[in-house]
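Input: a single structure, listed below in structure tokens.
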Amino acid sequence: MNKHTIDVARDFTNRPFGRYQADGDRSGEVFRKKILVPALHQYDHVTVNLGGTNFYGSSFLEEVFGGLVREGFTKDQLDRKLTVLHNKLPSVVTEVKEYIKEAAKNSA
Amino acid sequence: MKKLPTNYRLRQKRIEEDRFKRKNRPGSRRETLPTHTPGKPVNRPRRWQHGLATQPRIPGYKQVNAPTCIALTPEFADSVIPFVQELGSKAVGGNKVMIDFFKTKRISALGAVYLYSEIDRALMKASAKIRIRGVSSRQVRHALDMTGIFTLCKYPAPLPSPHIPVLRGTDDNHLSKIVEYLMNTALVQKELNNANPAYAERLVNTAISEAMLNVKQHAYPQSEPNAFWWATAAILDNNLHIALCDRGVGIPKTLVEKGMFKAVLAALKTEPSDAEMIKAAMEYTRSSRKARGGGLGSRDIQQLVLDAREGHLTIISGEGYYHLQGKNNNQIAQKIGYDVAGTLIQWQIPLHRQSEAPHE
């Protein structure tokens, strides 16, 4: 089983901002399309480490993780393949889980 | 010859002190004026006897008189918005405009940001020349200095201060500067979440950045090249104020044009006022995670005051005034007499004394 870890602050930006690509290079859509989705296709398990910055807007998080469901990943797949961490803010991890759950409910 | 300090402000202060000493020296006219006895009418020079003296107009300048209080509460908005509109219209075509603050006694953080945005727009669009005079109140001078309005009007820069002047941006530039300032103010962390500074940082950052994102995504028409916001953060009267303003189409028009919250707005009466529309959208987003594309932003905007021990959120957009008191969820939605031509948001968090018990 090949595993991969993405450190958002190190591999993407420590100032995430915005939802859509039109909002800039640090947006949720850019992160999802350029980094997260290719990693989920390539590896059996991906860990997204959100620690390293606290600058996460809800729009960014919803677009990244809710967007995965809209892009075709099922909730079960994500439960198996994806782990999200934040060493200082457990509330961010809870929020991410809610976005996935909500997106799955809406797409059902 | 007496040596004067090289710093402009210190030099002006010294000159003022010398002038005061000269005027009040023994035997001067002022010294010989009768002193005021309580209960008796004040013996003023003739030109002051019928109330405040008016200042003569300066040739070549179009004068705009600032109102008594530059704040955006429903009480004062009806005098502030026409004043700001008059300022903008007089500056059209690169005219010289003189703003007279003679009657002004107070400027709020939101009022200062709104005024700053109008002056900035006038200077950008029309390369107008704007001067200031008649600043008689210490609070007004402090507010004009602190927010950078003096500097914007090409007056010498004030002495370095810890406050954030009004900043202009298009996405989240300057955001880290504002958040850093707020986080360095230890009391802010205490008010928001005593246990976890990371949580306080995220809360402040999310509220401001989502408001900035709303400006970028929704506030201006697509064709507008300068989709600016203006923002400031300041501590005034032991209250933390964060104010952000844009000069776009306003929340009510955006909701209608972009078809947002259709079901929510449909539940209102046939022609809801701007204030009712803002209130309905805020109430909906406060209780739901479903809204994608703008809805979540307004929930984050509210979260900052809902999580603070006591906090107030004020939104003025179009002709609507909306106020949310975080502590007990009290809401006020009120119509104001004029269109503010944009959206103004203010978070206000009272800062309690260090000695008080921490918030659980």
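Things worth noting here:
- Pairs beyond 24 Å (Cα-Cα), from A:Lys33/A:Lys101; B:Lys23/B:Lys62; A:Lys3/A:Lys75; A:Lys3/A:Lys97; B:Lys279/B:Lys327; B:Lys62/B:Lys125: B:Lys23/B:Lys62
- Relative contact order, whole percent, for chain A stands at 29, derived from Cα pairs under 8 Å and 6 or more residues apart.
- Hz values of 3J(HN,Hα) by residue in the range A:84-96 - Karplus curve (6.51, -1.76, 1.60), Gly and Pro given as x: 10, 10, 8, 5, 9, 10, x, 5, 5, 5, 4, 4, 4
- Given +1 at the Cβ of Lys and Arg, -1 at the Cβ of Asp and Glu and no other charges, the dipole of the range A:3-107 around its Cα centre is 120 debye to the nearest 20.
- Most positive-pole-ward Cα, B:Ala128, B:Met146, B:Ser117, against dipole of the range B:115-155 from beta carbon charges: B:Ala128
- Shielding by partners for peptide A:18-27, expressed as the average number of C-beta atoms from other protein chains within 10 Å of each residue's C-beta, is 4.
- Computing FRET efficiency as 1/(1 + (r/R0)^6) for B:Glu75 and A:Gln21, where r is the C-beta to C-beta distance and R0 is 35 Å, gives about 0.20.
- Anisotropy class of the range A:3-107 from Cα gyration tensor, a/c 1.5 cut: rounded
- Gaussian network model of chain A, springs between alpha carbon atoms under 10 Å - residue of A:Arg32, A:Arg19, A:Arg80 with greatest fluctuation: A:Arg80
- For the segment B:204-212, counting C-beta atoms of other chains within 10 Å of every residue's C-beta and taking the mean gives 4.
- Shielding value for A:50-63 is 6, the average number of Cβ atoms from other chains within 10 Å of each residue's Cβ.
- A dipole drawn for chain A from +1 and -1 charges on Cβ atoms has a positive end, and of A:Asn54, A:Leu82, A:Ala104 the residue lying farthest that way is A:Leu82.
- Semi-axes of the equivalent ellipsoid for the range B:62-152, computed as √(5λ) from the eigenvalues of its C-alpha gyration tensor and ordered from largest down, come to 19, 14, 12 Å.
- Protection proxy ranking for A:48-59, B:164-175, B:241-252, A:4-15, using the average of other Cβ atoms within 10 Å per residue and placing the highest first: B:241-252, A:48-59, B:164-175, A:4-15.
- Reachable aspartates and glutamates from B:Lys90, criterion Cα separation under 12 angstrom, eight or more residues apart if same chain: B:Glu118
- Under 5 Å, built H, 5+ apart or other chain: amide partners of B:Lys96: B:Lys62, B:Lys129
Coordinate-derived values only; no laboratory data. Source: prediction; values computed, not measured. All Cβ positions, glycine included, derive from the backbone under ideal geometry; neighbour counts span all protein chains shown.
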